[in-house]
1. So if I check each of 44, 96, which one is in a helix (DSSP H, G or I) and at pLDDT below 95?
2. Here is a check on your reading of the model: is residue 31 in a helix (DSSP H, G or I) and of a type in the set (A, V, I, L, M)?
3. What about residue 82, is it in the same structural domain as residue 317 (by TED's automatic domain parsing) and more than 28 Å from residue 304 (Cα to Cα)?
4. For region 297-332, give me each residue that is in a helix (DSSP H, G or I) and among the β-branched types (Val, Ile, Thr).
5. From the list 39, 8, 75, which one is part of a strand (DSSP E or B), in contact with a helix residue (DSSP H, G or I) (Cβ under 7 Å, 6 or more places away or on another chain) and over 16 Å from residue 118 (Cβ atoms)?
6. Tell me which residues, restricted to region 153-163, are assigned to a strand (DSSP E or B) and more than 13 Å from residue 310 (Cβ to Cβ).
7. Looking only at region 105-143, which residues are charged (D, E, K, R) and either free of Cβ contacts under 8 Å to residues at least 12 places away in the same chain or not assigned by TED's automatic domain parsing to the domain that holds residue 11 (or both)?
8. Of the conditions (1) at pLDDT 95 or above; (2) out of contact with any helix residue (DSSP H, G or I) (no Cβ under 6 Å at 6 or more places or on another chain); (3) within 30 Å of residue 82 (Cβ to Cβ), residue 159 fails just one. Which one is it?
Amino acid sequence: MIPQRFTSLEIFAGTGGQALGLESAGFDPVALVENDRHSCTTLRTNRPAWNVLEMDVLEFDPAEHKYTYDVDLLSAGPPRVRSVAAAARGSDDHERRLLLATVLLTSAVLPRAVLIENVPKLVTADEFENLRTEIRAELEHLGYRLHWGTVNAKDFGVAQDREQGVLVALKGPAGDAFRWPEPLVTTPATVGDVLHASMASLGWPYAGRWAAGAQRPAPTLVGGSKKHGGPDLGLSGTKKAWAAMGVNGWGVENAVPGPETEWVPPGGDGKSLPKLTIPQIALLQAFPSHWQTCAGKTSQYRQLAQASPPPVAAALGRSIATALTSADRTGT
């Protein structure tokens with residue numbers, strides 16, 4: 001149990017997965033910065049009291065929002081950094097610039113703690129060593145102790161094999177007190193268990209058989225790009241993994257199977273299998289049932305798939321809150 005509430009500034013807030021998890025861990029956002037208008041509508045619809053700033057992070061000036069100074073936590077889920085090879089194919093590396101902008105924002109806001117979530121390779125791969133060195137130099141100069149690590153959503157009750165790279169940085173004794181969260185489950189939740197009731201909700205007689213064949217965590221849900229494609233569940237290899245669990249990964253459906261829907265055993269390209277719905281995607285990301293995503297189906301899918309699952313953010317938030325509380329008790 002968290003004995004006190006803390007303040008946070010969330011940038012790249014998206015549809016609110018990280019902010020929602022942090023809220024349950026004791027962090028109340030003074031502002032959430034997000035440039036996607038549909039995501040902003042989602043945030044305002046679900047949390048009318050939240051101060052949602054619809055703007056580009058590169059245009060956010062803390063001097064114009066001085067209430068963001070000295071918050072307890074700056075949290076961010078910037079767009080995923082690309083590999084060196086992928087970045088070389090583009091005219092610039094926008095994702096790296098946004099990540100570094102997050103770090104530079106720390107020097108203006110001076111939070112007690114920083115949480116940045118991104119791809120696992122940012123933490124582990126040699127090709128990102130120069131980027132980690134640049135981040136380390138800036139934050140250590142400001143007095144932060146850095147903790148790099150990876151966490152997997154399936155260890156925290158999410159029915160998804162989703163590994164995330166995480167940087168946690170804290171000042172003073174809080175930096176020494178921080179400990180990574182321990183896994184909350186020993187047996188991961190499965191797609192079949194999480195979606196069985198949903199698949200059966202309109203009377204599909206094969207829901208039980210379908211669920212029995214989907215007894216494993218989902219592959220990582222990917223959000224896709226606004227420039228390319230619609231709400232499919234991933235590349236060809238990922239679609240095959242979905243097909244093995246009885247799911248058509250080529251798109252998202254408007255409704256779950258009904259009583260007249262035939263059962264087609266998994267196999268082939270998977271196109272004859274049932275597709276998932278937006279509420280089912282939300283379940284696989286472990287969003288609460290009351291959380292309402294706004295806009296069209298493609299936008300809703302991207303909002304959800306790009307989000308950090310709330311239970312993961314909650315676990316990280318509890319570890320950060322514990323470290324801050326420990327520092328408060330020492331009076332430093």
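The values are calculated or read from the model by the stated rules, or taken from the named source; none is laboratory data. Only a predicted model underlies this, so the values are computations on that prediction, with no experimental measurement involved. Please note: Cβ atoms are built from the backbone with ideal geometry, for glycine as well, and neighbour counts cover all protein chains shown.
1. Only one candidate qualifies: 96.
2. No: the conditions fail for residue 31.
3. In short, no.
4. 298, 312, 320, 322, 325, 330
5. Only one candidate qualifies: 8.
6. Listed by number, the list holds a single entry, 163.
7. Listed by number, the residues that qualify are 126, 129, 136, 140.
8. Among (1) at pLDDT 95 or above; (2) out of contact with any helix residue (DSSP H, G or I) (no Cβ under 6 Å at 6 or more places or on another chain); (3) within 30 Å of residue 82 (Cβ to Cβ), residue 159 violates only (2).
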